[in-house]
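Data block below; observations after.
The values are calculated or read from the model by the stated rules, or taken from the named source; none is laboratory data. A quick note: this is a predicted structure, and the numbers were derived from the prediction, not measured. Virtual Cβ from ideal backbone geometry, glycine too; neighbours counted across all protein chains shown. Areas reflect the complete protein model, heavy atoms only, side chains present, ligands, DNA and RNA absent. Shrake-Rupley method; radii C 1.70, N 1.55, O 1.52, S 1.80 Å.
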Amino acid sequence: MVLLMSCCCWDDVWKGSFASGIYTLIYYGFSASIGIMSLIDEWDFLLGKKDKPRGETIIEKGDITKTHVIFNIITLTVSMGLVFSSVLLIFGLKRKKRELFLPWILMMVLDVFVEFFYIGYFAIYRRVEFDPVNGFIFTIILFITTLNVYCILCVISQYQLYKARRCLANQQEDITTAYETYPR
């Protein structure tokens with residue numbers, strides 16, 4: 001059973017999956033570059049030359065915690081994985097190879113979990129003062145996470161379509177072979 005038959009503004013899930021691949025390539029490429037800059041800022045802390053992280057973020061006022069640096073490293077890793085898997089997804093869509101969708105699907109699911117864990121951490125430990133700017137930032141994070149879930153559903157639907165077509169083609173081959181080998 002296919003989850004979706006069309007994606008948002010697209011006529012079919014192939015175009016929606018292709019748009020998802022392009023979107024993740026651009027968005028997570030940008031996210032990875034920001035993550036690399038953040039990692040460079042915290043390099044002395046990571047090497048043990050400093051006791052505390054250096055930076056400050058819009059969300060977390062004052063000195064950031066070690067946990068925030070860990071979140072930055074996890075986000076950087078996931079972003080780089082999504083850039084690589086987006087290329088695989090686009091190649092898999094062009095070549096009709098559904099197996100190449102799996103790294104992208106897994107990395108996107110991992111990203112959604114990281115985002116929810118990130119938001120949960122700030123909500124539970126109250127490291128954030130909720131003002132209009134932070135409310136706007138968390139709204140954008142929620143929107144992007146929702147968009148990512150929709151992209152996952154779109155790509156999974158295309159995966160299911162390729163799988164269903166493969167099964168139908170195999171059944172058709174079996175019927176044709178059985179018909180041709182049937183004695184007359």
If I filter the range 61-68 for residues that are crowded, with 19+ Cβ neighbours inside 10 Å and at pLDDT 70 or above, do I get at least one hit? yes
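For every residue, the table says whether it meets (1) more than 19 Å from SER33 (Cβ to Cβ); (2) exposed (fewer than 15 other Cβ atoms within 10 Å of the Cβ); (3) within 9 Å of the chain's Cα centre (by Cα).
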| residue | (1), (2), (3) |
| --- | --- |
| PHE71 | no, no, no |
| ILE74 | no, no, no |
| THR77 | no, no, no |
| LEU82 | no, no, yes |
| LEU88 | yes, no, no |
| LYS94 | yes, yes, no |
| GLU99 | yes, yes, no |
| LEU110 | yes, no, yes |
| PHE122 | yes, no, no |
Any chance you could count how many residues in the range 124-168 are open to solvent by 20 Å² or more (accessible area, probe 1.4 Å), in contact with a helix residue (DSSP H, G or I) (Cβ under 7 Å, 6 or more places away or on another chain), at pLDDT 85 or above and under 30 Å from LYS96 (Cβ atoms)? 4
Those residues that are closer than 16 Å to ILE152 by Cα, among the charged types (D, E, K, R) and either outside any helix (DSSP H, G or I) or modelled with pLDDT of 90 or more (or both), I need them from the range 5-44; list them, please. ASP12
